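J.: The structure's right below; bear with me while I get my questions together.
The values are calculated or read from the model by the stated rules, or taken from the named source; none is laboratory data. Source: prediction; values computed, not measured. A quick note on method: Cβ atoms are made from the backbone with ideal geometry, for glycine too, and the neighbour counts reach across all protein chains shown. Keep in mind that these areas ignore ligands, DNA and RNA; they rest on the heavy atoms of the full protein, side chains included. Shrake-Rupley method; radii C 1.70, N 1.55, O 1.52, S 1.80 Å.
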Amino acid sequence: KATVSVLYWAGVRMFILAHLRDAVKIVPEMFDKEHTAALAAILNEKYAGRVLPKVGYCVQVYDITSFSDAVLHPGEGASYSSVHFRLIVFKPFEGEVLEGKVKGSDEKSGVRISLGFFDNVWVPPSNFRQAHGQKAVFDPREQLWTNEEQDEDEEPIVNYIELGQMVRFRVVSVDFDRTPTEGPRAVQGTAKPSIELPISIEASFADDGLGPVIWW
């Protein structure tokens, strides 16, 4: 069972630290590595990029807090340790404002955003900014979404949401897909990992200050 604490990045409560324990098997080929480095490498292979139910999306091991003495089993060359460690976990809350880069654009689904380590953030067309006479329009030729408005002379101004552009968004909901999929493989014979649960985030550009950063 994981316990969690809050981790801030650049003043934003973007991550939590999950405190976990696991049994780790180190094969002889890894005996030449520094012990904590070997433990961290094995745990990263098992957890990084996975979703822990009710915890969040695992980014990487933060640190090893303690481990038991290595135990050798008769007839095996590997050693076993019980390890206490902390994971950096991405778990945004509803209403949180974050920044990322535009990864894709789709007429039906909207704009896809990448955070670098995670890229399943979507802003659907219904969540685009449409206040003060503005409207969101998809350009089928460019395959990009635009924000259209009028200047003082009522001439149209078209602002494209470009691929790779830095955008600011508000988290609307965080969805864990409850349909079981093939989970991560067991690492070095350790305890069976939990079933992987995909995660997606619905976001919004609707408020002032949101959308492409250069607009503001």
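J.: When segment 125-142 is examined, which residues are found to be touching an Asp or Glu at 6+ places or on another chain (Cβ under 9 Å) and either at pLDDT 95 or above or more than 16 Å from Asp106 (Cβ to Cβ) (or both)?
T.: Of everything in segment 125-142, those that are touching an Asp or Glu at 6+ places or on another chain (Cβ under 9 Å) and either at pLDDT 95 or above or more than 16 Å from Asp106 (Cβ to Cβ) (or both) turn out to be Arg129, Ala131, His132, Gly133, Gln134, Lys135.
J.: Moving on to the next point. Let me confirm something: among Gly75, Gly110, which residue is without any contact (Cβ under 8 Å) to a residue 12 or more places away in the chain and over 21 Å from Asp22 (Cα atoms)?
T.: From the options Gly75, Gly110, the qualifying one is Gly75.
J.: If the requirement is being farther than 27 Å from Val167 by Cα, open to solvent by less than 20 Å² (accessible area, probe 1.4 Å) and modelled with pLDDT of 90 or more, which of these qualifies: Val61, Val121, Val102?
T.: Val61
J.: For segment 55-122, list the strands (runs of 3 or more DSSP E) that sit wholly inside it and hold at least 3 residues that are among the hydrophobic types (A, V, I, L, M, F, W, C); which are they?
T.: Result: 56-67, 79-90, 97-106.
J.: Could you please find all residues in segment 31-47 being touching a strand residue (DSSP E or B) at 6+ places or on another chain (Cβ under 7 Å) and either open to solvent by 60 Å² or more (accessible area, probe 1.4 Å) or not aliphatic (A, V, I, L, M) (or both)?
T.: Thr36, Asn44, Tyr47 - these are the residues of segment 31-47 that are touching a strand residue (DSSP E or B) at 6+ places or on another chain (Cβ under 7 Å) and either open to solvent by 60 Å² or more (accessible area, probe 1.4 Å) or not aliphatic (A, V, I, L, M) (or both).
J.: So, one more: Would you pick out the residues in segment 65-123 that are β-branched (Val, Ile, Thr) and over 24 Å from Glu202 (Cα atoms)?
T.: Those that are β-branched (Val, Ile, Thr) and over 24 Å from Glu202 (Cα atoms): Thr65, Val71, Val83.
J.: List the pairs whose first member sits in segment 190-212 and is within 13 Å of Arg50 (Cα to Cα), whose second member is modelled with pLDDT of 65 or more and polar (S, T, N, Q), and whose Cβ atoms are under 6 Å apart, counting only residues at least 6 apart or on separate chains?
T.: Ser200/Asn120
J.: Being loosely packed, with under 15 Cβ neighbours inside 10 Å and either modelled with pLDDT of 85 or more or touching a Pro at 6+ places or on another chain (Cβ under 7 Å) (or both) is the filter here; which residues of segment 70-95 pass it?
T.: Gly77, Ser82, His84, Phe93, Glu94, Gly95
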